[in-house]
Each structure stands twice: as C-alpha cells, then as structure tokens.
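This report concerns only the one structure given below.
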Amino acid sequence: MGNSKSGALSKEILEELQLNTKFTEEELCAWYQSFLKECPTGRITQQEFQSIYAKFFPDADPKAYAQHVFRSFDANSDGTLDFKEYVIALHMTTAGKPNQKLEWAFSLYDVDGNGAISKNEVLEIVMAIFKMINPEDVKHLPDDENTPEKRAEKIWMFFGKKDDDKLTEEEFIEGTLANKEILRLIQFEPQKVKERLKEKKP
C-alpha cells in the first residue's frame, strides 16, 4: 500500500486515517515507525498477530480468539494486516464510537462473513473467549453463564431468537445498544490489552 516499505507514511493514507480516526498526525507517524520496526515488510501475518496477542495473555490460550480478531480486521482478506488495517483496528477497539465498536463486534461474530450471525457462530466466539478467561475467574461467573454453551444460550435468548434463526447486523447493534447485559456478555476487553495499548502510545 503506497510506500509502505519506506520510512515515511504516504500522504493519502495519513489523511484517510486522520479523517476516520481520532489519532493525530504525530501519533500516526510515531506508530508507523514502531510498526515498521516490528514488521519490516509493512505487514503483519496471522502468526505474528497471534504471537503479539499471546504476549498479552501468558496464562491463557488466546490463539482461537486472536484468529477471529485478525479475520475481522483483515479488510481485504489477503491474510495480512497492513498499517491502515492495523490502525483502524486500534481505533475501533479503543476509541471508536459505540456503533463503530458494535459494527466491529458484528464482523467478529459473523464467522463465515455472510452478513448474518447464527447461534453456532455466537458459540464459536464465546468458546474462544472462554479459553482466555482464567479458570479461577470462571468459578465466579453466575451459574447461567459459566460455560460457553450457557453464555451463548443467554445471549441468543436476549435477542429473542429461535435456535435456527439468524441475526442481522441492524438487529445485533440495536439489541446490544438497548441491553447492557448483552454488551457485557459479548465482549472481552482485557485490562491488560488496554494497558499495553496505552504503553505503546507515543
């Protein structure tokens, strides 16, 4: 993309990112330099992304969740994230508006990318989330959400869907904005990640 292999960020990408995110030119340029240090090719592969994620969770198994997060941000499905996709990912998960975050969450749960979510897809993501929760913490979860199956069932019931129904993006966003319980059940925003992101800010 542009001159992604040189040390400077192309003007077009810089302008587009400033328009679509809250990040300043200084922040973006500093991030680009550190991005190139970690990824000299200007791209992050799924393996590299998984190993970055693994550093955040030394006591858990984030591989499955990292795969889904990577897929949801690989906008052009080429198996790598370029700097633009990476920054938009950062923005969506940390500084995005509620609607933007939920658009991203929808793409995370829409595993096959067909524009609708099934109950099985909800279960697949929830299972990946559970692999990242400390077993001690799982013990303290309420009885009706202490296994992936129970949590997926609870989410699906909140949306008022039958087992073989599908959930559209509009229904997903509207339902989640209207019910904080759904928001709590679908998300996994570990404090460690937020703290690490803050540390990386220039």
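Go through the range 23-44 and count every residue that is open to solvent by 70 Å² or more (accessible area, probe 1.4 Å) and in a helix (DSSP H, G or I).
5
Quick grid of which residues meet (1) surrounded by 16 or more Cβ atoms within 10 Å (Cβ to Cβ); (2) under 25 Å from Lys150 (Cβ atoms); (3) among the basic types (Lys, Arg):
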site: Val69; (1), (2), (3): yes, yes, no
site: Gly79; (1), (2), (3): no, no, no
site: Phe83; (1), (2), (3): yes, no, no
site: Thr93; (1), (2), (3): yes, no, no
site: Pro98; (1), (2), (3): no, no, no
site: Glu121; (1), (2), (3): yes, yes, no
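Any idea which residue in the range 123-142 is nearest to Lys63 (Cα to Cα), counting only those that are free of Cβ contacts under 8 Å to residues at least 12 places away in the same chain and open to solvent by 80 Å² or more (accessible area, probe 1.4 Å)? Steps first, answer last, please.
Of all residues in the range 123-142, those free of Cβ contacts under 8 Å to residues at least 12 places away in the same chain come to 135-142.
Those left that are additionally open to solvent by 80 Å² or more (accessible area, probe 1.4 Å): 135-137, 139-140.
Details: Pro135: 17, Glu136: 20, Asp137: 19, Lys139: 22, His140: 24 Å.
In this case the residue turns out to be Pro135.
Just to be sure before I move on: is Lys97 basic (Lys, Arg) and modelled with pLDDT of 90 or more in the structure I sent?
On the way: basic (Lys, Arg): yes; modelled with pLDDT of 90 or more: no.
No: the conditions fail for Lys97.
In the range 57-67, how many are open to solvent by less than 60 Å² (accessible area, probe 1.4 Å) and either in contact with a Phe, Trp or Tyr (Cβ under 6 Å, 6 or more places away or on another chain) or not in a loop (DSSP other than H, G, I, E, B) (or both)? Steps first, answer last, please.
Residues of the range 57-67 open to solvent by less than 60 Å² (accessible area, probe 1.4 Å): 57, 60, 62, 64-66.
Now drop any that are not either in contact with a Phe, Trp or Tyr (Cβ under 6 Å, 6 or more places away or on another chain) or not in a loop (DSSP other than H, G, I, E, B) (or both), which leaves 62, 64-66.
Going through the range 57-67 one residue at a time, the tally reaches 4.
Looking at the range 100-119, which of the residues that are among the aliphatic types (A, V, I, L, M) and over 12 Å from the mean Cα position of the chain (by Cα) is most open to solvent (accessible area, probe 1.4 Å)? Talk me through it step by step, then tell me what you get.
Looking only at the range 100-119, we keep the residues that are among the aliphatic types (A, V, I, L, M), and these are 102, 105, 108, 111, 116-117.
Those still in the list that are over 12 Å from the mean Cα position of the chain (by Cα) too: 111, 116-117.
Values: Val111: 35, Ala116: 17, Ile117: 1 Å².
Checking each candidate, the answer is Val111.
Name, by its number, the condition in (1) outside any helix (DSSP H, G or I); (2) modelled with pLDDT of 90 or more; (3) under 16 Å from the mean Cα position of the chain (by Cα) that does not hold for Asp78.
The failed condition is (3).
Given the criteria of a type in the set (A, V, I, L, M, F, W, C), at pLDDT 90 or above and either open to solvent by 70 Å² or more (accessible area, probe 1.4 Å) or within 18 Å of Ala95 (Cα to Cα) (or both), does Leu19 qualify?
On the way: of a type in the set (A, V, I, L, M, F, W, C): yes; at pLDDT 90 or above: no; either open to solvent by 70 Å² or more (accessible area, probe 1.4 Å) or within 18 Å of Ala95 (Cα to Cα) (or both): yes.
No: the conditions fail for Leu19.
Does any residue in the range 45-56 that is among the small types (Gly, Ala, Ser) and in a helix (DSSP H, G or I) come within less than 9 Å, Cβ to Cβ, of a residue that is open to solvent by less than 40 Å² (accessible area, probe 1.4 Å) and modelled with pLDDT of 85 or more six or more places away or on a different chain, and which pairs are these?
Listed by first residue and then by second, the contacts come to Ser51/Ala66; Ala54/Pro62; Ala54/Ala66.
Name every residue in the range 143-189 that is of a type in the set (Phe, Trp, Tyr), within 20 Å of His68 (Cβ to Cβ) and either crowded, with 18+ Cβ neighbours inside 10 Å or without any contact (Cβ under 8 Å) to a residue 40 or more places away in the chain (or both), in order of residue number. Even if it seems obvious, please write down each step before you answer.
Applying the first criterion (of a type in the set (Phe, Trp, Tyr)) to the range 143-189 yields 156, 158-159, 172, 188.
With within 20 Å of His68 (Cβ to Cβ) added as a condition, the list becomes 156, 159, 172, 188.
Within the range 143-189, Trp156, Phe159, Phe172 qualify.
The values are calculated or read from the model by the stated rules, or taken from the named source; none is laboratory data. Just so it is clear, the model here is predicted, and its values are computed rather than measured. Glycine also receives a Cβ, built like all others from the backbone with ideal geometry; neighbour counts cover every protein chain displayed. Note: areas computed on protein heavy atoms with side chains; ligands, DNA, RNA excluded. Shrake-Rupley method; radii C 1.70, N 1.55, O 1.52, S 1.80 Å.
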